[in-house]
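The values are calculated or read from the model by the stated rules, or taken from the named source; none is laboratory data. These numbers were taken from a predicted model, which means no experiment stands behind them. Glycine also receives a Cβ, built like all others from the backbone with ideal geometry; neighbour counts cover every protein chain displayed. Please note that ligands, DNA and RNA were not included when accessible areas were found on the heavy atoms of the full protein model with its side chains. Shrake-Rupley method; radii C 1.70, N 1.55, O 1.52, S 1.80 Å.
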Amino acid sequence: MKPFTYTRATSPAEAAAAVARTPGAKFIAGGTNLLDLMKLQIETPAHLIDVQDLKLDRIEKTKDGGLRIGALVKNTALASDETVRRDYGVLSRSLLAGASGQLRNKATTAGNLLQRTRCPYFYDTNQACNKRKPGSGCAAIGGFSRQLGVIGTSDACIATHPSDMAVAMRVLDASVETVKADGATRSIPMADFHRLPGNTPHIETALMPGELITAVTLPKPIGGMHLYHKVRDRSSYAFALISVAAVVQQDGTGRVAVGGVAHRPWRVEAAEADLPRGARAVASGLLAGAKPSHENAFKLPLVERTLAAVLAEAKG
């Protein structure tokens with residue numbers, strides 16, 4: 001790990017301004033992903049600004065009947081919150097499907113959204129990776145790609161986003177609240193928060209330099225049955241090969257988002273109109289234009305079968 005300096009911020013605006021004016025600075029909170037990347041010298045911040053004292057750790061109801069989740073709410077606290085379990089069950093289930101109990105006790109809501117890909121070529125500094133070193137190439141293309149993306153990929157990157165929670169946030173139409181370096185605030189819809197790789201896979205979100213996540217807001221509950229199915233190589237502590245987050249209403253309509261297939265949680269609202277017709281019809285629209293490799297083509301039928309299991313469970 002390379003040497004770095006460290007300070008603790010006292011307000012969100014101060015933290016954002018400090019990162020923006022300090023070359024090589026990064027925020028740190030739970031640190032469950034950043035510290036690992038620093039040990040591997042994939043991340044080499046010159047300065048860390050600790051945001052753990054900013055009191056962004058509350059879960060509150062909003063005036064319009066939704067829920068505001070502070071950026072520093074731990075994954076364990078969010079998964080076990082009474083309102084989340086009752087009204088946003090898909091979120092609770094997705095959180096409990098991720099990582100381990102120890103990691104969930106430390107990982108934060110904002111950090112979960114910002115965690116980096118688990119593409120093995122990103123972690124191997126001897127390999128070319130446009131995400132780690134822009135312009136160096138992508139060794140994953142033509143390499144070992146079983147875990148990697150099948151849709152929304154580019155000639156520069158086929159990495160996937162690893163978060164389970166983000167898939168549930170996408171199906172719930174969450175919004176990400178932030179504060180910029182100049183003190184201005186804004187709300188970013190989850191649909192626009194994570195970017196596709198294109199020619200700049202190292203730019204993963206819509207955040208501006210120095211912009212700090214302060215909360216995630218959920219709209220008022222939409223009812224229905226909330227389900228999250230995760231398919232992985234072992235029963236715990238493994239990232240998704242694919243995952244399906246769904247909210248299914250009694251009449252068979254609903255919403256669905258998929259994880260483990262793209263650079264961001266994958267949802268195609270137009271495909272959801274086919275939910276009453278079954279999993280095959282939905283998967284056809286959801287995965288239209290997919291470009292799998294020989295090694296990960298299995299993900300396409302796996303999405304359809306997992307969605308079929310979700311819909312069968314919803315019917316009871």
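Can you tell me how many residues in region 148-171 are aliphatic (A, V, I, L, M), more than 21 Å from Asn33 (Cα to Cα) and open to solvent by 10 Å² or more (accessible area, probe 1.4 Å)? Before you say what the answer is, go through the steps one by one.
Filtering region 148-171 for residues aliphatic (A, V, I, L, M) gives 148, 150-151, 156, 158-159, 165-169, 171.
From what's left, more than 21 Å from Asn33 (Cα to Cα): 150-151, 156, 171.
Of the ones still in play, those that are also open to solvent by 10 Å² or more (accessible area, probe 1.4 Å) are 156.
Here the count works out to 1.
Which of the residues that make up region 86-119 are in a loop (DSSP other than H, G, I, E, B) and open to solvent by 20 Å² or more (accessible area, probe 1.4 Å)? First the steps, then the outcome.
Let us first name the residues in region 86-119 that are in a loop (DSSP other than H, G, I, E, B), namely 88, 97-100, 107, 115-119.
Passing the criteria: Ala99, Ser100, Gln115, Arg116, Arg118.
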- prompt: Here are some residues: Glu43, Glu82. Which one is open to solvent by 10 Å² or more (accessible area, probe 1.4 Å) and free of Cβ contacts under 8 Å to residues at least 12 places away in the same chain?
  reply: Glu82
query: Within region 15-25, restricting attention to residues that are surrounded by fewer than 16 Cβ atoms within 10 Å (Cβ to Cβ) and without any contact (Cβ under 8 Å) to a residue 40 or more places away in the chain, which residue is nearest to the chain's Cα centre (by Cα)?
result: Gly24
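Residues checked against (1) hydrophobic (A, V, I, L, M, F, W, C); (2) at pLDDT 95 or above; (3) not in a loop (DSSP other than H, G, I, E, B):
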{"position": "Val261", "(1), (2), (3)": "yes, yes, no"}
{"position": "Ala271", "(1), (2), (3)": "yes, yes, yes"}
{"position": "Ala283", "(1), (2), (3)": "yes, yes, yes"}
{"position": "Asn296", "(1), (2), (3)": "no, yes, no"}
{"position": "Ala312", "(1), (2), (3)": "yes, yes, yes"}
query: Between residues in region 110-123 that are farther than 14 Å from Ala140 by Cβ and residues that are open to solvent by less than 10 Å² (accessible area, probe 1.4 Å) and in a helix (DSSP H, G or I), which pairs lie under 6 Å by C-beta distance while being six or more apart or on different chains?
result: Asn112/Met165; Leu113/Ala166
- prompt: Hey, Leu287 hits all of (1) hydrophobic (A, V, I, L, M, F, W, C); (2) crowded, with 18+ Cβ neighbours inside 10 Å; (3) free of Cβ contacts under 8 Å to residues at least 40 places away in the same chain but one; which does it fall short on?
  reply: (3)
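Kindly evaluate Ser145 against the criterion of being over 15 Å from Arg267 (Cβ atoms) and crowded, with 16+ Cβ neighbours inside 10 Å. Before the answer, list the steps.
Numbers: over 15 Å from Arg267 (Cβ atoms): yes; crowded, with 16+ Cβ neighbours inside 10 Å: yes.
The answer is yes for Ser145.
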